[in-house]
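The values are calculated or read from the model by the stated rules, or taken from the named source; none is laboratory data. For clarity, every value in this text was computed on a predicted model and none was experimentally measured. Positions of Cβ are backbone-derived with ideal geometry, glycine not excepted, and every protein chain shown enters the neighbour counts. Protein only, heavy atoms only, side chains kept; ligands, DNA and RNA dropped before computing areas. Shrake-Rupley method; radii C 1.70, N 1.55, O 1.52, S 1.80 Å.
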Amino acid sequence: MDDPEKLGQQNQLVAFLPDDVRAELLKRSTIADLMAGDTFIKAGQRIDKVFFICSGIASVLVSSRSGKVTESGIVGREGFVPSGALVDAETSFTDVIMQVSGQALVLDIGAVQAMRNKHRILEQLMTCASHALKTQIECTLLSNTTQTVSQRLARWVLVCHDRVDGNQLHLTHEFLSLMLAVRRPSVTDALHFLEGRGFIRSERAKIIIRNRHALEDYAGDIYGLAEQERDRIFARFRASAVLRPSADETRSTG
(Lines give C-alpha, C1' and ligand atoms only; values in the text may rest on other atoms or scores of the structure.)
Protein backbone atom coordinates (compact mmCIF):
# COMPACT_ATOMS: atom_id res chain seq x y z
CA MET A 1 0.00 0.00 0.00
CA ASP A 2 1.49 3.31 -1.12
CA ASP A 3 -1.35 5.68 -0.16
CA PRO A 4 -0.18 7.53 3.00
CA GLU A 5 -3.73 8.51 3.96
CA LYS A 6 -5.01 4.93 3.88
CA LEU A 7 -1.87 3.66 5.56
CA GLY A 8 -2.24 6.26 8.30
CA GLN A 9 -5.67 4.92 9.14
CA GLN A 10 -4.07 1.56 9.98
CA ASN A 11 -1.90 2.94 12.78
CA GLN A 12 -4.04 3.63 15.84
CA LEU A 13 -2.07 6.68 16.95
CA VAL A 14 -2.20 8.36 13.55
CA ALA A 15 -5.86 7.45 13.05
CA PHE A 16 -6.84 9.10 16.35
CA LEU A 17 -5.26 12.44 15.41
CA PRO A 18 -7.52 15.32 14.32
CA ASP A 19 -7.63 15.68 10.54
CA ASP A 20 -5.32 18.71 10.39
CA VAL A 21 -2.69 17.15 12.67
CA ARG A 22 -2.85 13.83 10.81
CA ALA A 23 -2.46 15.65 7.48
CA GLU A 24 0.64 17.43 8.80
CA LEU A 25 2.13 14.17 10.06
CA LEU A 26 1.45 12.40 6.77
CA LYS A 27 3.00 15.27 4.81
CA ARG A 28 6.19 14.92 6.87
CA SER A 29 6.33 11.12 6.62
CA THR A 30 7.62 8.54 4.19
CA ILE A 31 6.51 4.92 3.78
CA ALA A 32 8.87 2.09 4.71
CA ASP A 33 8.45 -1.52 3.63
CA LEU A 34 9.80 -3.65 6.48
CA MET A 35 10.57 -7.28 5.73
CA ALA A 36 10.63 -10.11 8.25
CA GLY A 37 14.13 -10.36 9.69
CA ASP A 38 15.01 -6.70 9.12
CA THR A 39 16.72 -5.09 12.12
CA PHE A 40 15.72 -1.51 11.41
CA ILE A 41 16.66 -0.05 14.80
CA LYS A 42 19.92 -1.05 16.50
CA ALA A 43 20.84 -0.68 20.17
CA GLY A 44 23.39 2.04 20.76
CA GLN A 45 22.72 3.80 17.49
CA ARG A 46 21.47 7.35 17.31
CA ILE A 47 17.70 7.74 17.16
CA ASP A 48 17.12 9.70 13.97
CA LYS A 49 13.75 8.28 12.87
CA VAL A 50 10.45 7.22 14.42
CA PHE A 51 8.40 4.38 12.92
CA PHE A 52 4.63 4.31 13.31
CA ILE A 53 3.86 0.66 12.55
CA CYS A 54 0.89 0.25 10.21
CA SER A 55 1.06 -3.49 9.55
CA GLY A 56 3.21 -6.42 10.60
CA ILE A 57 4.83 -7.08 13.97
CA ALA A 58 8.00 -5.49 15.32
CA SER A 59 9.89 -7.23 18.11
CA VAL A 60 11.82 -5.26 20.74
CA LEU A 61 14.97 -7.13 21.77
CA VAL A 62 17.14 -6.55 24.83
CA SER A 63 20.74 -7.80 24.87
CA SER A 64 23.19 -8.34 27.72
CA ARG A 65 26.83 -7.30 27.48
CA SER A 66 27.74 -10.96 26.95
CA GLY A 67 25.36 -11.25 24.00
CA LYS A 68 22.35 -12.98 25.56
CA VAL A 69 19.16 -11.80 23.87
CA THR A 70 15.48 -11.90 24.76
CA GLU A 71 12.37 -10.23 23.52
CA SER A 72 10.86 -7.66 25.86
CA GLY A 73 7.74 -6.86 23.85
CA ILE A 74 6.09 -6.52 20.46
CA VAL A 75 4.62 -3.52 18.68
CA GLY A 76 2.09 -3.55 15.87
CA ARG A 77 -0.39 -1.09 14.46
CA GLU A 78 -1.17 0.19 17.96
CA GLY A 79 2.17 1.94 18.46
CA PHE A 80 5.55 3.26 17.44
CA VAL A 81 9.24 2.49 17.86
CA PRO A 82 11.70 3.22 19.32
CA SER A 83 10.17 4.11 22.67
CA GLY A 84 13.23 6.22 23.51
CA ALA A 85 11.99 8.82 21.01
CA LEU A 86 9.31 9.82 23.51
CA VAL A 87 11.87 10.94 26.11
CA ASP A 88 14.29 12.46 23.58
CA ALA A 89 16.89 9.75 24.19
CA GLU A 90 19.85 10.22 21.88
CA THR A 91 20.39 6.50 21.28
CA SER A 92 18.21 3.40 21.31
CA PHE A 93 18.51 1.00 24.25
CA THR A 94 17.07 -1.90 22.26
CA ASP A 95 17.19 -3.55 18.86
CA VAL A 96 13.93 -3.63 16.93
CA ILE A 97 13.47 -6.38 14.34
CA MET A 98 10.49 -7.18 12.13
CA GLN A 99 9.07 -10.60 12.90
CA VAL A 100 6.11 -10.29 10.51
CA SER A 101 6.58 -8.20 7.37
CA GLY A 102 4.67 -4.95 7.15
CA GLN A 103 4.81 -1.21 6.55
CA ALA A 104 5.40 1.87 8.65
CA LEU A 105 5.09 5.62 8.39
CA VAL A 106 8.54 7.05 9.10
CA LEU A 107 9.32 10.55 10.37
CA ASP A 108 12.61 12.23 11.17
CA ILE A 109 13.07 12.60 14.92
CA GLY A 110 13.19 16.38 14.58
CA ALA A 111 9.79 16.42 12.89
CA VAL A 112 8.30 14.25 15.65
CA GLN A 113 9.75 16.47 18.37
CA ALA A 114 8.40 19.58 16.68
CA MET A 115 4.94 18.05 16.29
CA ARG A 116 4.90 16.83 19.90
CA ASN A 117 5.67 20.36 21.06
CA LYS A 118 3.05 21.86 18.74
CA HIS A 119 0.25 19.32 19.17
CA ARG A 120 -0.40 18.07 22.69
CA ILE A 121 -2.60 15.24 21.42
CA LEU A 122 0.34 13.59 19.65
CA GLU A 123 2.36 13.72 22.87
CA GLN A 124 -0.59 12.20 24.75
CA LEU A 125 -1.09 9.41 22.22
CA MET A 126 2.59 8.46 22.17
CA THR A 127 2.66 8.48 25.98
CA CYS A 128 -0.36 6.16 26.09
CA ALA A 129 1.29 3.83 23.56
CA SER A 130 4.44 3.72 25.69
CA HIS A 131 2.32 2.89 28.75
CA ALA A 132 0.53 0.15 26.82
CA LEU A 133 3.86 -1.43 25.85
CA LYS A 134 5.06 -1.22 29.45
CA THR A 135 1.87 -2.99 30.60
CA GLN A 136 2.41 -5.70 27.99
CA ILE A 137 5.96 -6.24 29.30
CA GLU A 138 4.69 -6.43 32.90
CA CYS A 139 2.12 -9.06 31.94
CA THR A 140 4.80 -11.04 30.11
CA LEU A 141 6.89 -11.07 33.27
CA LEU A 142 3.87 -12.33 35.21
CA SER A 143 3.25 -15.02 32.59
CA ASN A 144 6.89 -16.11 32.50
CA THR A 145 7.01 -16.61 36.26
CA THR A 146 3.61 -18.24 36.86
CA GLN A 147 2.61 -20.20 33.74
CA THR A 148 3.74 -23.28 31.86
CA VAL A 149 5.57 -22.91 28.56
CA SER A 150 2.50 -24.05 26.62
CA GLN A 151 0.30 -21.46 28.38
CA ARG A 152 2.88 -18.76 27.72
CA LEU A 153 2.96 -19.75 24.06
CA ALA A 154 -0.84 -19.68 23.88
CA ARG A 155 -0.82 -16.13 25.25
CA TRP A 156 1.84 -14.95 22.81
CA VAL A 157 0.02 -16.49 19.85
CA LEU A 158 -3.06 -14.51 20.88
CA VAL A 159 -1.05 -11.30 21.37
CA CYS A 160 0.43 -11.69 17.88
CA HIS A 161 -2.93 -12.66 16.37
CA ASP A 162 -4.39 -9.39 17.69
CA ARG A 163 -1.94 -7.49 15.47
CA VAL A 164 -2.48 -9.21 12.11
CA ASP A 165 -5.37 -9.83 9.74
CA GLY A 166 -6.54 -13.39 9.19
CA ASN A 167 -5.76 -16.56 11.13
CA GLN A 168 -2.20 -17.25 9.96
CA LEU A 169 0.94 -16.17 11.82
CA HIS A 170 4.31 -16.43 10.12
CA LEU A 171 6.53 -17.02 13.13
CA THR A 172 9.80 -18.94 13.18
CA HIS A 173 10.92 -21.25 16.00
CA GLU A 174 13.77 -18.81 16.62
CA PHE A 175 11.32 -15.97 17.19
CA LEU A 176 9.12 -18.10 19.42
CA SER A 177 12.12 -19.11 21.53
CA LEU A 178 13.01 -15.41 21.97
CA MET A 179 9.40 -14.61 22.85
CA LEU A 180 9.23 -17.31 25.51
CA ALA A 181 12.87 -17.16 26.67
CA VAL A 182 13.20 -20.96 26.27
CA ARG A 183 15.17 -23.30 24.03
CA ARG A 184 13.76 -24.44 20.70
CA PRO A 185 12.94 -28.02 21.86
CA SER A 186 10.61 -26.50 24.47
CA VAL A 187 8.94 -24.45 21.72
CA THR A 188 8.45 -27.61 19.65
CA ASP A 189 6.91 -29.45 22.61
CA ALA A 190 4.55 -26.54 23.35
CA LEU A 191 3.47 -26.29 19.71
CA HIS A 192 2.74 -30.02 19.62
CA PHE A 193 0.69 -29.70 22.81
CA LEU A 194 -1.45 -26.83 21.47
CA GLU A 195 -1.85 -28.60 18.14
CA GLY A 196 -2.88 -31.82 19.87
CA ARG A 197 -5.64 -29.93 21.68
CA GLY A 198 -6.96 -28.60 18.37
CA PHE A 199 -6.17 -24.97 19.21
CA ILE A 200 -3.73 -24.41 16.33
CA ARG A 201 -2.12 -26.10 13.37
CA SER A 202 1.64 -25.78 13.22
CA GLU A 203 3.47 -25.76 9.91
CA ARG A 204 6.99 -24.71 8.97
CA ALA A 205 7.41 -21.10 10.17
CA LYS A 206 3.62 -20.75 10.31
CA ILE A 207 0.89 -21.11 12.94
CA ILE A 208 -2.76 -21.32 11.91
CA ILE A 209 -5.36 -20.44 14.55
CA ARG A 210 -8.07 -23.13 14.58
CA ASN A 211 -9.99 -22.37 17.77
CA ARG A 212 -9.26 -18.94 19.21
CA HIS A 213 -11.92 -19.17 21.93
CA ALA A 214 -10.44 -22.41 23.30
CA LEU A 215 -6.94 -20.93 23.00
CA GLU A 216 -8.01 -17.94 25.13
CA ASP A 217 -9.46 -20.26 27.76
CA TYR A 218 -6.24 -22.27 27.90
CA ALA A 219 -3.99 -19.18 28.01
CA GLY A 220 -5.58 -18.20 31.33
CA ASP A 221 -6.50 -14.87 32.81
CA ILE A 222 -3.18 -13.11 32.16
CA TYR A 223 -4.13 -12.73 28.52
CA GLY A 224 -6.48 -9.77 28.32
CA LEU A 225 -5.01 -7.74 31.19
CA ALA A 226 -2.72 -5.61 29.02
CA GLU A 227 -5.31 -5.54 26.26
CA GLN A 228 -8.00 -4.19 28.61
CA GLU A 229 -5.62 -1.56 29.94
CA ARG A 230 -4.74 -0.49 26.40
CA ASP A 231 -8.42 -0.17 25.52
CA ARG A 232 -9.06 1.80 28.71
CA ILE A 233 -6.37 4.42 28.19
CA PHE A 234 -7.24 4.92 24.51
CA ALA A 235 -11.02 5.05 25.11
CA ARG A 236 -11.12 8.87 25.31
CA PHE A 237 -9.32 9.22 21.99
CA ARG A 238 -11.62 6.66 20.38
CA ALA A 239 -14.67 8.54 21.64
CA SER A 240 -13.31 11.87 20.38
CA ALA A 241 -12.57 10.37 16.96
CA VAL A 242 -16.16 9.10 16.69
CA LEU A 243 -17.63 12.49 17.62
CA ARG A 244 -15.22 14.54 15.50
CA PRO A 245 -16.64 15.67 12.12
CA SER A 246 -14.72 14.46 9.10
CA ALA A 247 -12.85 16.85 6.83
CA ASP A 248 -15.52 16.40 4.12
CA GLU A 249 -18.29 17.24 6.59
CA THR A 250 -16.40 20.33 7.75
CA ARG A 251 -15.92 21.54 4.17
CA SER A 252 -19.57 20.95 3.32
CA THR A 253 -20.77 23.11 6.22
CA GLY A 254 -18.13 25.81 5.83
Practice problem: Mind telling me which of the residues 37, 44, 67 ends up being of a type in the set (Gly, Ala, Ser), part of a loop (DSSP other than H, G, I, E, B), loosely packed, with under 13 Cβ neighbours inside 10 Å and modelled with pLDDT of 95 or more? | Solution: 44
Quiz item: What residue, among those in the stretch 1-34 that are in contact with a helix residue (DSSP H, G or I) (Cβ under 9 Å, 6 or more places away or on another chain) and charged (D, E, K, R), is most open to solvent (accessible area, probe 1.4 Å)?
Solution: 27
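Specify the residue that is most open to solvent (accessible area, probe 1.4 Å); the eligible residues are those in the stretch 158-178 that are among the charged types (D, E, K, R) and in contact with a Gly (Cβ under 9 Å, 6 or more places away or on another chain). Break it down into steps so the answer makes sense when it comes.
Let us first name the residues in the stretch 158-178 that are among the charged types (D, E, K, R), namely 162-163, 165, 174.
Narrowing further to those that are in contact with a Gly (Cβ under 9 Å, 6 or more places away or on another chain): 162-163.
On the way: 162: 48, 163: 13 Å².
That would be 162.
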Exercise. Give 181, 190 a once-over and let me know the one that is within 21 Å of residue 72 (Cα to Cα) and open to solvent by 20 Å² or more (accessible area, probe 1.4 Å).
Key: 181
Self-check item: Failed item, numbered, when residue 96 is tested on (1) in contact (Cβ under 8 Å) with a residue 60 or more places away in the chain; (2) within 14 Å of the chain's Cα centre (by Cα)
Solution: (1)
Practice problem: Residues that are in contact with a helix residue (DSSP H, G or I) (Cβ under 8 Å, 6 or more places away or on another chain) and either among the β-branched types (Val, Ile, Thr) or touching a residue at least 40 places away in the same chain (Cβ under 8 Å) (or both): find the helices (runs of 4 or more DSSP H) completely inside the stretch 103-214 holding 3 or more of those. | Solution: 109-118, 120-146, 149-161, 184-196
